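Below is one structure, written out as structure tokens; the observations come after it.
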């Protein structure tokens, strides 16, 4: 009887284990640290909600870092398997002399995703109107801040002389600071920018992505040891990203909005669809995961102009295009 009872208990334990495996679907759990939560990253959320990661055997758990420094720290420490952040962070790590620095395995966006907001509606906005004014521009060293400097100079305005650039306010507090009366202008990402306009807290006067031109703005990074030890995982992740990129460009604005609704519960579908339409119209999302030499060079031009580039980095020193190239070749 005791043997029978033991056998029954073992059988029950096996059934429980099988049930747990069935519940998780045998998927590998992946921790992804994103620099911030933004509609700008719609293809990522679509990859999760539309099952593209699941098709590759991956269960992606997204953690919002709240800054590129935090996201890079999570990746380097092993708290995250993948990090979504600006490529400039990778360049900083390379220039610190860290040989086992993370590698960029896929690119997600190719323009600045922010919008410039003023306190009054201005259908005939010209950057000359910012002369003698102030703008909340993010933190020094970050892409929003550096891109802002690049755009101001392209319009003949020298930051710090012709325009005061406020750089001591944290990224996630910029909107609140503007609302409380700081600055004449502010750069905000969606859906915050549209929400501010709808609520009369500010008015969108121009799209910073169109002003700055194409630049690798947001990328996925992995540790070199992960890529070397688990090439199948790296390929599966990039394949899911690529499939989501293809889907986003073929889907309607309403379908893209529905795909990311769960990640923005406080934003209605109409607003999400409007934002999706805006980012699609400005060609902000990449259609392929690979990065071009020209775009990488422009990124470093922007960093150099902001005084944040100690040395130029070669593309293949930081970017591993081979994974994306293999994924695309298999799909065609």
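Worth a mention:
- Tilt relative to the chain, helix 269-281 - C-alpha long axis, 0 to 90 degrees, to 10: 70
- Virtual paramagnetic centre 7 Å along Cα→Cβ of residue 198, amide N under 20 Å, in region 25-64: 37-43, 45-46
- Semi-axes of the equivalent ellipsoid for region 114-212, computed as √(5λ) from the eigenvalues of its C-alpha gyration tensor and ordered from largest down, come to 18, 15, 13 Å.
- Shown here are the Rg and Dmax of the Cα trace of region 199-282, at 16.7, 52 Å.
- Where both bridge residues fall in region 114-212, DSSP classifies roughly 60% of the beta bridges as antiparallel.
- The order of 82, 35, going from fewest to most other C-beta atoms within 10 Å of their C-beta, is 35, 82.
- Take every Cα pair under 8 Å whose residues are at least 6 apart in sequence, average their separation, divide by the length of the chain, and the relative contact order is 26 percent.
- Between the helical axis of 322-331 and the longest alpha-carbon principal axis of the chain there is an angle of about 70 degrees.
- Axis of helix 68-77 versus longest Cα principal axis of the chain: the two differ by about 30°, to the nearest ten degrees.
- Per residue, the convex hull volume that the Cα atoms of region 22-68 enclose (Å³): 74
- Taking all C-alpha pairs of region 167-315, those more than 25 Å from each other amount to 46 percent.
- Choice from 194, 250, 212 showing the highest fluctuation, given a GNM over the chain with Cα pairs closer than 10 Å: 250
- Result for the chain in a Gaussian network model with C-alpha springs under 10 Å: among 80, 106, 177, the largest mean-square fluctuation is at 177.
- Available extension along the chain between residue 314 and residue 158 is 53.3 nm, counting 0.36 nm per residue and deducting the alpha carbon span.
- Residues of region 66-83 with amide N under 11 Å of a point placed 7 Å along Cα→Cβ from residue 168: none
- Backbone N within region 268-307 under 19 Å of label point (7 Å from residue 254 Cα along the Cβ vector): 268-281
- Over region 133-183, equivalent-ellipsoid semi-axes from the Cα gyration tensor in Å: 19, 13, 7
- Here the Gaussian network model covers the chain, with springs between Cα atoms less than 10 Å apart; of 50, 72, 291, 50 fluctuates the most.
- Cα-Cα P(r), the chain, percent of pairs per 20 Å interval: 30, 54, 13, 3, 0
No lab work stands behind these numbers, since they all come straight from the coordinates. Being a predicted model, the structure only gives us computed values, none of them experimental. When we count neighbours, we look across all protein chains shown, and the Cβ atoms used for this are built from the backbone with ideal geometry, even at glycine.
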